[in-house]
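Working notes, structure below.
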């Protein structure tokens with residue numbers, strides 16, 4: 001057979017080259033699933049931090065005024081645990097803020113460790 005025909009037939013050979021990585025649909029499915037979960041968690045975290053109950057940043061000013069001046073919670077609509085006025089959703093916002101800090105710290109630590117490994 002001519003050499004060019006051998007090269008064409010080699011394309012349809014069913015033997016795997018051991019030096020090449022192989023396709024595994026389970027790994028691909030797991031990667032897609034984990035990506036969807038990670039994006040969902042990131043969306044929940046950021047939505048709770050910035051949107052839920054008006055977001056955390058809208059509550060910082062009134063909270064500082066209550067702590068540092070003569071203003072009270074009642075001045076900002078606080079009627080009790082069921083009607084919290086401006087502070088509606090503050091617990092969820094603070095939990096999301098704490099989780100953001102933990103995630104950022106973990107990613108920073110991972111980055112620092114990886115950069116030290118590549119420098120050596």
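The values are calculated or read from the model by the stated rules, or taken from the named source; none is laboratory data. Since this is a predicted model, take the numbers as computed values, not measurements. Cβ placement follows ideal geometry from the backbone for every residue including glycine, while neighbour counts extend to all protein chains displayed.
Structure values in brief
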{"read-out": "Options 77, 54, 40: the member that is surrounded by 11 or more Cβ atoms within 10 Å (Cβ to Cβ) and within 19 Å of residue 99 (Cβ to Cβ)", "value": "54"}
{"read-out": "Any hit, the range 59-66, residues being in a loop (DSSP other than H, G, I, E, B) and at pLDDT below 90", "value": "no"}
{"read-out": "Residue match in the range 80-94 (condition: modelled with pLDDT of 90 or more, part of a helix (DSSP H, G or I), in contact with a helix residue (DSSP H, G or I) (Cβ under 7 Å, 6 or more places away or on another chain) and surrounded by 10 or more Cβ atoms within 10 Å (Cβ to Cβ))", "value": "yes"}
